[in-house]
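Notes follow once the structure below has been shown.
Here, each number is a calculation from the coordinates, and none is a lab measurement. Please read these numbers as outputs of a predicted model, since none were measured by experiment. Glycine gets a Cβ as well: all are built from the backbone with ideal geometry, and neighbour counts include every protein chain shown.
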Amino acid sequence: MKTKLILVSVSIAALALLAGCAAETPDVWGYVTTADSAQLELAEEQTGNTSLAVDRVVAPENSWIVVHLDDNGAPGDRVGLLAIEEGESADLVVPLENVTTEKVIVAVHADRGAEGEYDFNMMEKETSPDRPFFVDGSELAKVVTLK
């Protein structure tokens, strides 16, 4: 009986610990991948608002580089989109349109819906097929200032 009580107590303590950890885990609603298979490198300050230079990107599958206006730290309207192939790509230029903010958010999204069509709706982000990649609990995204 004493052994069962100890096992129950240890089980309850473990569940409480796991619940505490889950509460601290960010809300990951995209595709989880590793830092080796998904990377985004670009200058955090760039000149002009008609294109954005991406130095290097690594994608675990065919994907999209997506550029949104920065709406007080959250993605606003999409202003740029470029399809990329699985693997490493370098020296890319993403055309931009209708940029109305100094800062933009650049992210890498999967291309899992209709091939070659960007299928992502921010209002239905959990069910949209072309969701962004998450690495180490954070969206693979960077904020860039356009000057």
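Between ARG112 and ALA35, the modelled label-to-label distance comes to 2.3 nm, taking each label 7 Å out from Cα in the direction of the beta carbon. For the range 31-146, the spread of Cα coordinates along the three principal axes comes to 31, 30, 27 Å, biggest extent given first. Note on ASP119 and ALA43: with the Förster distance fixed at 22 Å, the Cβ-Cβ geometry gives a FRET efficiency of about 0.15.
What the Cβ-Cβ distance of SER89 and THR145 gives, at R0 = 22 Å and to the nearest 0.05, is a FRET efficiency of 0.45. Summing charges over neighbours of VAL32, with a neighbour being any other residue whose Cβ is under 12 Å away from its Cβ, gives -1 when K and R count +1 and D and E count -1.
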